[in-house]
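What follows is a single structure, written as structure tokens, with notes after it.
The values are calculated or read from the model by the stated rules, or taken from the named source; none is laboratory data. Keep in mind the model is a prediction, meaning the values are calculated, not measured. Note: ideal-geometry Cβ built from the backbone for every residue, glycine included; neighbour counts use all protein chains shown. These accessible areas exclude ligands, DNA and RNA; they are computed on the full protein's heavy atoms, side chains included. Shrake-Rupley method; radii C 1.70, N 1.55, O 1.52, S 1.80 Å.
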Amino acid sequence: MFNRRPIGPLDYTRRLWLRLSVLAVLVFLYAPIATLIAFSFNDSKRNIVWRGFTMKYYEKALENESLMIAFGNSLTIALINTILATILGAMVAVLLWRFRFPLKAGYEGAMALPIVIPEICMGVSMMAFFGWVGWPTAWGWPMTLSPIIIAHVAFSFPFVAMIVRARLSNFNRELEESAKDLGASEWQAMRDVIVPFMKPGLIAGALMAFTLSLDDFVITFFTSGPDTVTFPVKVYSMVRFSVTPEVNAASTVLIVITVLVTAIAMRIQSRFKGDVGAG
Amino acid sequence: MESWRRHPLVFWIIGLPPTFWLVVFFLVPLTLMWIMSVSTKVGINDLDLNWTLDNYSRALGWLYLEILLKSFWMAGATTLLCFAIGFPVAFAISFAPQRWKGLLLLLIILPFWTNLLIRTYALIAVLRTRGYVNFSLEWLWEKANGFLMFVGLGEYQLLGQRFEPLELLYNNQAVLFGMTYVFLPFMILPLYAALERMDKSYIEASLDLGAGQWRTFFSVIIPLSKAGIISGIIITFIPALGAFLQPDLLGGPDSQLIANVIERQFKSANDWPFGSALSFILMYMTFGALALRAVLAKNSSAMEAA
């Protein structure tokens, strides 16, 4: 900070205007979220004057039964989505990493589609699909969530495939071959050599699928029936009417969960970046 | 990599489940929507598949063309704003000392990890008439008025009779603000990746050889980071084109973009064929942007090779 050395031509980061612009952008990015979190603890109806720390809005959110049901639904969806998307994503990753097959480029392109098409288009096409096949959502609770889960898996497993495939590209094929030379069958080699190697990718992919599912609003909005409310959909309907400290509290909880989960994912990914080839 | 024929059993066992999911729960719905887009609505729930292009011609009629152009314009303006704000930041991070880089990058990515809806909601809480910005302004107004009273100028009411809150929400500016807020990290990350890869000795050479900072910026830094600039522009533009929440929650009745019109066709207006046609137009626009990126990336890598 107080380096007296004259600023060299390439010392861009020591130029005040550049530092200020970075600071301004960080304030721009964080101020709204920070105020949201801060005022979820503020003991005041009018929201601007600080009247002391309180947890009462968190208690209120906890007592709000429909909000809690929505929260439970979101977590259930995210968990089931994580399991399915991780398995399917890993399969695609191994398939594309290991095999040559006809029309492979086209297959890869089709797998990338859920990542690139606009969310709204995916949402409405899913809504039309479940309407058209007459999906049996009237069978009670887990079935009412199934359209949302199916849609979430469809958009999140290509992301998992991408992550796991990046991990596999570092794999040393000789390891698998020597396992087979030593008498391992195809499946034994897969189970004891390839899957352990993929593990960090699988964990990172699973956490990614979890946050993608928890974060999604648009696709959930279109695939949820009238009786299934998820957390973002519930917040959306609450926000349309008013801004309340209760919604602030609930939002803060969701922010904390996603930030924690993603931080863990990043950690795992960066820790395993180093060990190339050896596994 | 081996041919699938050598281990057909393994190939099919690991290939079938994900392919099934992709086909049945993604490609079939898309195809269904495409078929709807060339059908005519008869009655409340019935469609007549007659391979008509009426839905598309209606979508390209003046009323909806205006919304399409507006979506295009808003996405473009968002991209431009993100670029103007994001470039200095990406530039600064790429020149930051090593130990700062990771932290700064993390700070830019962190907002990505919070729910889009919640980030948009946070803007409502900040910008609305009884939001934090207006409350802060009111507080300042009261303090300033108190000061004027104190110095004996109170009776002139220099600051107006009472505090007038600013109308910051429910207009096009609010939508633009919200979209810039939400999509800014999409721009910063690819720009940073390109600037980080750039060989800094080119800049040094340019400055040594007598070019000024501005000339170096336009003739060396910009051309060298071209691939990242193109990526950043396209990656920001595509989600901005399909933005739904920001115009919905922050915009007024005249700030509707194409995603909002699609939503209305599928929910309240219940005109699925027309909504499908609009969805496909939006998808074609997205694919166009992606294709443009591929072409530009090819050109710039060909230029580098030359």
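Here's the yes/no breakdown for (1) at pLDDT 85 or above; (2) buried (at least 19 other Cβ atoms within 10 Å of the Cβ); (3) under 17 Å from A:Leu26 (Cα atoms):
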| position | (1), (2), (3) |
| --- | --- |
| B:Ala75 | yes, yes, no |
| B:Arg128 | no, yes, no |
| B:Ser136 | no, no, no |
| B:Val151 | no, no, no |
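Of all residues in the stretch B:1-46, which are more than 7 Å from chain A (Cβ to nearest Cβ), open to solvent by less than 60 Å² (accessible area, probe 1.4 Å) and over 28 Å from A:Phe155 (Cα atoms)?
Hits for the stretch B:1-46 are B:Thr40, B:Gly43.
Suppose we keep only residues that are of a type in the set (A, V, I, L, M, F, W, C) and within 7 Å of another protein chain (Cβ to nearest Cβ) within the stretch B:79-103. Which one would you say is farthest from B:Ile222 (Cα to Cα)?
The residue in question is B:Ala96.
Within the stretch A:154-193, how many residues turn out to be of a type in the set (Asp, Glu), facing chain B (nearest Cβ under 10 Å) and open to solvent by 60 Å² or more (accessible area, probe 1.4 Å)?
Of the residues in that region, 0 qualify.
For the stretch B:131-148, what are the residues that are within 27 Å of the chain's Cα centre (by Cα) and either at positive phi or at the interface with another protein chain (Cβ under 8 Å from one of its Cβ atoms) (or both)?
B:Gly131, B:Tyr132 - these are the residues of the stretch B:131-148 that are within 27 Å of the chain's Cα centre (by Cα) and either at positive phi or at the interface with another protein chain (Cβ under 8 Å from one of its Cβ atoms) (or both).
Please pick out the residue among A:Ala151, A:Ala105, A:Ala128 that is small (Gly, Ala, Ser) and open to solvent by 10 Å² or more (accessible area, probe 1.4 Å).
Residue meeting the stated conditions: A:Ala105.
Going by the conditions given, is A:Leu214 surrounded by fewer than 22 Cβ atoms within 10 Å (Cβ to Cβ), facing chain B (nearest Cβ under 9 Å) and either charged (D, E, K, R) or in a helix (DSSP H, G or I) (or both)?
Criteria not met by A:Leu214.
Of the conditions (1) part of a helix (DSSP H, G or I); (2) open to solvent by 70 Å² or more (accessible area, probe 1.4 Å); (3) within 14 Å of chain A (Cβ to nearest Cβ); (4) in contact (Cβ under 8 Å) with a residue 12 or more places away in the chain, B:Arg58 fails just one. Which one is it?
Here B:Arg58 clears every test but (3).
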